[in-house]
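Following: one structure in structure tokens, then a few remarks.
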Amino acid sequence: MVAGEEPLTEADKAALVRRFTGQVTKLVYSLESGLDIIVNVPLTPDIVDAVNSTARKQGLSGPAWIAMTIDNALQQQSAARAR
């Protein structure tokens with residue numbers, strides 16, 4: 001995708017790729033196990049802001065808060081089905 005960006009210089013393209021690889025590397029090494037699956041879900045900026053704000057208040061990262069919230073919702077749903 002970066003290679004096709006005509007207005008960018010080769011140095012700009014290389015910088016974008018390095019930034020992306022840095023982000024991916026950080027994400028991969030932050031996973032707790034090799035069994036984690038990354039789900040990429042687009043969110044609007046206002047939702048991301050709300051997630052990050054709520055997560056910060058609980059001392060969590062945005063992704064950790066999202067994972068915890070989904071896990072809690074699934075547990076509640078499972079408990080409701082068991083009744």
For the chain, the longest principal axis of the Cα atoms and the Cα long axis of helix 62-82 enclose an angle in degrees, to the nearest 10, of 30
In terms of the charge dipole of the chain, which places +1 on Lys and Arg and -1 on Asp and Glu at the beta carbon, the residue among W65, A14, I38 farthest towards the positive end is W65
From highest to lowest solvent-accessible area (probe 1.4 Å; ligands, DNA and RNA excluded), M1, M68 read M1, M68
Taking protein heavy atoms only, a 1.4 Å probe, and rounding to whole percent, the accessible area of the chain owed to carbon and sulfur comes out at 61
Magnitude of the Cβ-charge dipole (Lys and Arg +1, Asp and Glu -1) of the chain about the Cα centre, nearest 20 debye, reported as 420
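At 0.36 nm per residue, minus the direct Cα-Cα distance, what do M1 and D71 gain on full extension? Give it in nm, one decimal, please.
On the way: separation 70, 0.36 × 70 = 25.20 nm, distance 3.42 nm.
Here the segment from M1 to D71 would lengthen by 21.8 nm.
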Cα-based Rg and Dmax for the chain, in Å, come out at 18.0, 61
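The values are calculated or read from the model by the stated rules, or taken from the named source; none is laboratory data. Keep in mind it's a predicted model, so treat the numbers as computed, not measured. FYI the Cβ positions are ideal-geometry reconstructions off the backbone, even for glycines, and counts take in every protein chain you see. Side chains are part of the model used for accessible areas, which takes the heavy atoms of the whole protein and leaves out ligands, DNA and RNA. Shrake-Rupley method; radii C 1.70, N 1.55, O 1.52, S 1.80 Å.
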